[in-house]
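What follows is a set of notes on a single structure, which appears directly below.
The values are calculated or read from the model by the stated rules, or taken from the named source; none is laboratory data. In this text the structure is predicted, and so the values were computed from the model without any measurement. Quick reminder, even Gly has a Cβ in these numbers, built from the backbone with ideal geometry, and neighbours come from all protein chains shown. Remember, those area values only see protein heavy atoms, side chains included, never the ligands or the DNA or RNA. Shrake-Rupley method; radii C 1.70, N 1.55, O 1.52, S 1.80 Å.
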Amino acid sequence: MTGPIVKGWCPGAWRPMRSGDGLLVRVRPPLGRLTQRQASGLAHLATRYGNGTIDLSTRANLQIRGVKEEAHAALLSELMALGLADPTPEAEARRNVVMTPFWHEDDGTVELANMLNAALQNDPALDLPGKFGFAIDTGATPVLREVSADIRIERGPSGALLCRADGTDRSMPVTLQNAIPAALSLARWFVANGGQGRMAAHLEAGAMVPEGFISEPTFLAPFMPVLGPSDSGFMVGIPFGRMEARTLASLAEIAPLRMTPWRMILLEGAKRAPKIDGLLVSPDDPLLRVRACPGAPDCAQALQPTRDLARILAAHVPAGKMLHVSGCEKSCAHPGPATFTLVAGSDGFDLVCNGVTTDPPTRRHLTTDELRASAGLLMKGPYAASL
């Protein structure tokens with residue numbers, strides 16, 4: 001059986017990706033934030049030029065689905081008018097930065113992100129791989145350590161700023177003034193040192209970070225995003241990261257929106273849950289325990305539908321555990337390990353326990369009907385006894 005096609009690049013506004021329901025047009029909001037005008041305009045464009053559905057990505061971006069080839073140029077023009085598309089495809093490709101949504105005006109996060117974006121645009125000789133990215137994780141504590149990035153500027157346990165290569169805890173102490181030059185110097189080292197693809201893989205293959213990077217104390221517990229109020233606003237969840245355009249339009253009436261890499265949206269400054277259908281607002285919602293890609297037929301590479309099954313199985317996933325339903329081995333919805341992973345094949349799903357999509361399965365060729373009928377057994381029975 002032929003495996004899924006790994007394209008090695010991410011879609012954008014200038015360079016959309018074809019999917020099972022049309023073109024997928026990714027929008028990278030500046031600073032990961034939509035003003036109320038931008039959010040309302042984006043909802044309108046998703047209905048006018050797409051099929052009315054919007055996905056949230058694990059890079060804190062939004063994706064308009066179902067765009068026809070002949071509509072792409074008009075959509076791009078209107079995105080530029082909203083300030084949601086770069087002037088050139090080259091500029092868009094270089095702006096691969098994710099930032100903490102929990103920033104405050106005086107913590108330097110916005111200033112660092114602006115300086116980094118400007119520096120990347122002004123250094124066209126820096127030829128980085130397509131998925132190579134940066135994280136600005138400079139809120140009170142790091143929250144992006146589990147989010148894909150290759151070079152990280154984050155706040156250490158002492159509160160000082162650090163520049164770190166992904167894949168190592170060795171970091172360089174930096175200041176607001178020299179953090180961006182340090183990050184770009186590390187990026188140039190990666191290229192000059194023969195780096196290809198991702199930083200962590202480069203270090204795992206034996207590369208050593210440059211001098212000046214020293215061992216620092218690290219945060220032991222991974223950050224877990226929680227729905228509800230915070231000092232930055234109110235966090236709501238989007239089931240499987242997909243919402244209707246009308247949901248985005250309703251959110252736009254409440255507050256500016258900060259995108260997150262957890263398929264959640266922070267309503268800037270809001271204090272209470274909005275009364276909008278289709279949102280997750282309770283931290284105990286079972287749907288928070290499942291991850292699922294679009295599946296068939298929305299994704300041309302998916303071998304089975306995924307999300308209806310994931311909804312049914314969510315109630316059977318024990319608290320503190322995770323179920324990942326993947327339409328193929330690419331693992332787009334959740335690249336890391338999960339307590340339970342269902343991997344679609346041409347004749348059903350394989351079940352992997354405590355692993356990723358490419359690990360050896362515990363059960364093979366489970367049909368959707370079998371999974372629905374025996375969900376409790378699979379999630380709590382003998383196959384999960386050691387979990």
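Descriptive notes on the structure:
- Here Phe234 passes the criteria (1) hydrophobic (A, V, I, L, M, F, W, C); (2) under 30 Å from Gly50 (Cα atoms); (3) in contact with a helix residue (DSSP H, G or I) (Cβ under 9 Å, 6 or more places away or on another chain) except the one numbered (3).
- Pairs are defined by a Cβ separation below 6 Å, a sequence spacing of at least 6 or placement on different chains, a first member in segment 177-190 that is of a type in the set (A, V, I, L, M), and a second member that is open to solvent by 10 Å² or more (accessible area, probe 1.4 Å) and assigned to a helix (DSSP H, G or I); the pairs so defined are Ile180/Met115; Ile180/Ala119; Leu184/Ala119.
- Some residue of segment 28-46 being among the hydroxyl-bearing types (Ser, Thr, Tyr), open to solvent by less than 20 Å² (accessible area, probe 1.4 Å) and not in a strand (DSSP E or B): no
- Evaluation of Glu204 against (1) surrounded by fewer than 18 Cβ atoms within 10 Å (Cβ to Cβ); (2) in contact with a helix residue (DSSP H, G or I) (Cβ under 6 Å, 6 or more places away or on another chain); (3) not aromatic (Phe, Trp, Tyr) (one fails), failing number: (2)
- Selection within segment 283-298 - closer than 20 Å to Glu329 by Cα and surrounded by fewer than 21 Cβ atoms within 10 Å (Cβ to Cβ): Ala296, Pro297
- Residue match in segment 335-358 (condition: open to solvent by 70 Å² or more (accessible area, probe 1.4 Å), of a type outside the set (A, V, I, L, M, F, W, C) and within 24 Å of Arg18 (Cα to Cα)): yes
- Qualifying residues in segment 74-124 (those that are acidic (Asp, Glu) and either in contact with a His (Cβ under 6 Å, 6 or more places away or on another chain) or surrounded by fewer than 16 Cβ atoms within 10 Å (Cβ to Cβ) (or both)) - the one nearest to Gly12 (Cα to Cα): Glu90
- Whichever residue in segment 56-73 is of a type in the set (D, E, K, R) and part of a loop (DSSP other than H, G, I, E, B) and, among such residues, is surrounded by the most Cβ atoms within 10 Å (Cβ to Cβ): Arg59
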